[in-house]
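The values are calculated or read from the model by the stated rules, or taken from the named source; none is laboratory data. Small disclaimer: the values here were computed from a predicted structure and weren't measured. Note that each Cβ is placed from the backbone with ideal geometry, even for glycine, and that neighbours are counted across all protein chains shown. When the accessible area is computed, the model is the full protein with side chains, heavy atoms only, and any ligands, DNA or RNA have been set aside. Shrake-Rupley method; radii C 1.70, N 1.55, O 1.52, S 1.80 Å.
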Amino acid sequence: MGELDSFEILPDHELTTPLGPNGVPRSSWQRTKRASRWHRPYAALLLLLDLGGAALASLTATANLDPDKITAGFKGQPGLFNLIAYVLLPAVWILVLWGHGAYDRRYLGTGTDEFKRVVRASWTVVAIVAFAAFAFKTDVSRTSVGAALIGALLFVLMLRYLARRALHVGRTRFHLATHRVLLIGTLQEALEVHQAIARDPAAGLVPVGIHLTEGYAPHPSATTPVPVHAGRDILSLVREINADTIAVCGSASAEPVELRRLAWQLEGTGIDLAVAPQLTDIAGPRVHIRPIEGIPLLYVEEPKLSGIGWLFKTVMDRVLALIVLLLVLPFFPIIALAIKISDPGPIFFRQPRVGREGKTFKVWKLRTMYVDAEERQAMLDGQNESDGLLFKMKNDPRVFKVGKWLRATSIDELPQILNVLVGEMSLVGPRPLPAEDGDFLGDVRRRLLVRPGITGLWQVSGRSDLSWDDAVRLDLYYVDNWSLVLDLHTMWRTVGVVVFRKGAY
């Protein structure tokens, strides 16, 4: 008996019936099909934005050029130039983006694959334009062509980013463009997937039920985030709760026959089938599927913490840190004076922290607490709101007024740029850990494989509002899935977190 026997898979003869699943006419599934097709109008919107971005790039590139120079390569025919610049070139962009999967729903709405495909498409467009100019021996302004191509890439990326932000707002605030998900597996596996999905509401996945492959459904009075079912026919349950996605969790995905038959029954219903294997917190770039004799093997590659990318990260850290230091240096005397007026004492606060490979260093921060803060902590230990190694209080009486503002705006952490310049820290990385608790056991010690960061996934995901376990999980995720794209994305998200002061105290 397999774990998916409770799926109530239909007999073979019912899989070929002209009726829908379980003998229900296909028309009964239309409401579900419409609910799961948000990507079609969204893709149409992206297509219009891409057309507009490419046309705007052509207009911007030629706005300050002499019209005679622009049309010189077209034998003085401005109409032909306009046709190519504002119709054919945008159309080429659309076709190339389409060919690179930039409108494929698998890459829309979340992740970085959509933007990677746009960048790859830009290289193809450059090649097409270069070949066309060579083949037709067209004398055009290289500057204007280059500006049009680069501008189109930037405009397309910017407009797509704004469209995604609008999509995320619609999902998180108005519950639009979402997928209603039925989780299938053991209760523990389903709850783990539910917890992971709930951490990212912008992804648009909304769990609405759990179907158990083992055990019995708990009593209705039991506390579960969504209703739990057992021994039900899957497709009738999907109809009942109006789900449009089925997610098979953990060990339940190891039943290939039942899983394949379930996929057959879902054909034509508009219901998506997703598999959540037991590979938690491992990002897609590290996981590759290699079919061997019809068996899809999942290969998990080692984290890449060396090489050209890692060297580029080191150089980028130093260059950006130096630029930020030069920008904030003129404001430092004002901040120093405000700290001195608030509480006489040192301007900086230095504390031992553990860095890469367990090496201890002293982190630089602007002082935000009274000079006797460490002595007063013993009296406040009972009010600690953190469940980990760090002491945290939302209304810590040891923080003076200016210090609260410095913390809320994260200005108190700017001196850590000095740690970045000397190579003790990075701009992005795990949170630096206190040296007095440096004998770390278990998974936490893996954070020491990389330099700690001024910002990181812990900061853009909640900062002080996170539990210790969630902070550790995010730091480990960063170590295991590091990439330059992840660093750049984290720095971009940091701007919004700092501006809106999320989780800072």
Seminar exercise, completed: For the range 191-218 the number of residues that are open to solvent by 50 Å² or more (accessible area, probe 1.4 Å) and not in a helix (DSSP H, G or I) is 7
Seminar exercise, completed: Within the range 219-244, of all residues that are touching a strand residue (DSSP E or B) at 6+ places or on another chain (Cβ under 9 Å) and charged (D, E, K, R), the one surrounded by the fewest Cβ atoms within 10 Å (Cβ to Cβ) is Glu240
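Please indicate, with yes or no, whether at least one residue in the range 129-146 is closer than 23 Å to Thr245 by Cβ and either open to solvent by less than 50 Å² (accessible area, probe 1.4 Å) or part of a helix (DSSP H, G or I) (or both). Step through it out loud before you land on a result.
Step one: filter the range 129-146 for residues closer than 23 Å to Thr245 by Cβ, giving none.
No, every residue in the range 129-146 fails to be closer than 23 Å to Thr245 by Cβ and either open to solvent by less than 50 Å² (accessible area, probe 1.4 Å) or part of a helix (DSSP H, G or I) (or both).
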For this session: Considering (1) in contact (Cβ under 8 Å) with a residue 12 or more places away in the chain; (2) open to solvent by less than 40 Å² (accessible area, probe 1.4 Å); (3) over 30 Å from Leu305 (Cα atoms), say which one Gly358 fails and leave the rest.
Result: (3)
Exercise. Which of the residues belonging to the range 219-270 are assigned to a loop (DSSP other than H, G, I, E, B), in contact with a helix residue (DSSP H, G or I) (Cβ under 8 Å, 6 or more places away or on another chain) and modelled with pLDDT under 80?
Worked result: Glu255
Exercise. Restricting to the range 446-470, what's the tally of residues that are of a type in the set (A, V, I, L, M, F, W, C), closer than 21 Å to Ala321 by Cα and not in a loop (DSSP other than H, G, I, E, B)?
Worked result: 4
Seminar exercise, completed: Inside the range 471-491, the number of residues satisfying the requirement of being in a helix (DSSP H, G or I) and open to solvent by less than 40 Å² (accessible area, probe 1.4 Å) is 11
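From the list Leu183, Leu167, Leu157, Leu176, pick out the single residue that is open to solvent by 20 Å² or more (accessible area, probe 1.4 Å), under 22 Å from Thr110 (Cβ atoms) and not in a loop (DSSP other than H, G, I, E, B). Break it down stepwise before answering.
Numbers: Leu183 fails: open to solvent by 20 Å² or more (accessible area, probe 1.4 Å); Leu167 fails: open to solvent by 20 Å² or more (accessible area, probe 1.4 Å); Leu176 fails: not in a loop (DSSP other than H, G, I, E, B).
Only one candidate passes the filter, namely Leu157.
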Exercise. Give me the pairs: first residue in the range 428-441 and charged (D, E, K, R), second residue modelled with pLDDT of 85 or more and assigned to a loop (DSSP other than H, G, I, E, B), beta-carbon distance under 8 Å, and six or more apart or on different chains, which are they?
Worked result: Arg431/Pro452; Arg431/Gly456
Seminar exercise, completed: Checked pairs for the range 171-196, first of a type in the set (S, T, N, Q), second not in a helix (DSSP H, G or I), C-beta under 6 Å and 6 or more apart or across chains, list as Thr178/Gly204; Thr178/Val206; Thr186/Glu214
